[in-house]
Amino acid sequence: MTTNEKRVLTQILYNGPLTKKEICKYCSFSWATAVKIVSQLERRKIITFKGTPRRKNVSGKDSAVYDISSEALLVLGMDVEYHRTHLALTNLKDEIITEFTLDTPVFTSVEHLELFIYQTLERFLSMHPNMELTGIGIVIPSFIIQTEQNIFQLLKENLSRKLPVPVQIDNIVRSYTLYKAHSMLAHENFLVVTIRSGIGVGIFVNDRIFRGDDMLSGELSHVTIDRQGEFCRCGKRGCLETKINQHILYQKYEEAYQTASSLEAGLHDLFSKAASGESAALGIIEEAADYLARGLSLLLLILNINRIYLSGHFGAHGDVIIKHIQRQLEKYLYARISYEIIYEPLQEHYFTSGARLLIYTDYLDYR
Ligand SMILES: [Zn+2]
């Protein structure tokens, strides 16, 4: 895909179907260049002629609009979370063509993890034998299995050898952050902090996702808070995620209110009770806020990135935790550091959407 082709696709993606004249304007092309690129992309069935809608002061061939073809550039996104694995096939316009979910097993080795991913993908491909797939993006938590190997690199190499299309692999929270940056058309630095089984951080800096030398950036989960604390899945003791995660919050809610519900419903209720000032719920939130503030202070002191999006399955009152985090941060930061923490309910589909973007970035000129 040439740079000019990527520019055309990107402008159609963000602005909707365009005429050649509009493509000239948005891409800063001459008329001859726009005509050439449109015909190249149309011939490859990546964009398609959508008709000549009546427009003010425009008629004839100049009013012909082109859109990205719904059948072209199909990419499969695979989100392997600790408990469940979700696959979604979409086109470049992010329209879901098919999706399915299955349970994630407990992996006993890197080979087991690779076999699970491969067999799941093989099963999917055999269900759609005539589909032209552009690529597969896979996202996994960095510590889904304890190993000293660089599992992102290893899995990419091994799966690329076995599968008939390009494969990209990244960490689950980085891919969430990638999709968020893409959907916001972000150019300003920001951090995403997700609270699920672990505390993950996505770092968007200088128009890029920062991955780290060994693709292990953002593991706030594994900052040691208590050296004598409980064992963590990373092999150490007393990591931040052994003190605060969504399961711990739910467990405390269950104990305090002697009630059982689904994890999400319980968390929504906990945050709603805290928002209405119930002291037991507030106590749980305040304790969580203190642990989180210790972690966030490291990010703010080291990175000096001012905007943090905090996400979890906490419902409409999830933002109640923010003021408690801010109060705790006063102890850990100095006054010159300015920051903003914005709560957003976690969007599960961002994980597979981010996984697909690992492939789509080769087709767009936005990053
Ligand atoms: Zn750990």
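Each reported figure results from applying straightforward, stated rules to the coordinates on display, with no laboratory input. Note that the structure is a prediction, hence the values are computed from the model and not measured. Cβ placement follows ideal geometry from the backbone for every residue including glycine, while neighbour counts extend to all protein chains displayed.
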Report summary line: Computed for the chain: size of charge dipole around the Cα centre, +1 on C-beta of each Lys and Arg, -1 on C-beta of each Asp and Glu, debye to nearest 20, value 1580 debye
**Report entry** Distant-in-sequence amide H partners of K50 (H built 1.01 Å from N, under 5 Å)
**Finding:** V65, Y66, D67
Query raised in the report: Stretch S30-A256 to full length: gain in nm at 0.36 nm per residue minus the Cα-Cα span?
Result: 74.6 nm
Report task. Give me K252, K236 ranked fewest to most by other Cβ atoms within 10 Å of their Cβ, as a rough exposure proxy. Result -> K236, K252
**Report entry** Estimated translational D of the chain in µm²/s (Stokes, Kirkwood radius over Cα pairs; 20 °C; 1.002 mPa s)
**Finding:** 95 µm²/s
**Report entry** Rel. contact order, % - alpha carbon contacts under 8 angstrom, at least six apart, the chain
**Finding:** 16 percent
Query raised in the report: Rounded to the nearest 0.05, what FRET efficiency do N304 and Y118 have when you use their Cβ-Cβ distance and R0 = 51 Å?
Result: 0.75
Query raised in the report: Which of the residue pairs K180/K252; K156/K180; K180/K323 have a Cα-Cα distance greater than 29 Å in the structure shown?
Result: K180/K252
Query raised in the report: Once phi is turned into θ = phi - 60°, what whole-Hz ³J(HN,Hα) does the Karplus curve with 6.51, -1.76 and 1.60 give for every residue of the stretch 77-89, x standing for Gly and Pro?
Result: x, 10, 10, 9, 9, 4, 9, 9, 10, 10, 10, 9, 9
Report summary line: Only helices counted: for the chain, with every DSSP H run of 4 or more residues adding -39500 (n - 2.57) and the sum spread over all residues, [θ] at 222 nm is -13500 deg cm²/dmol
Query raised in the report: In nanometres, what is the gap between the two model label sites at K50 and N206, each 7 Å from Cα along Cα-to-Cβ?
Result: 3.7 nm
Report task. Would you mind checking which residues have amide H under 5 Å from I225's amide H? H placed 1.01 Å from N; only 5 or more apart, or other chain. Result -> C239, L240
Query raised in the report: Long-range amide H contacts for I138: which residues qualify at under 5 Å (H placed 1.01 Å from N, peptide plane, sequence gap of 5 or more or a different chain)?
Result: M78, Q168, I169, D170
**Report entry** the stretch 182-346, relative contact order in percent, only Cα pairs under 8 angstrom and at least six apart counted
**Finding:** 22 percent
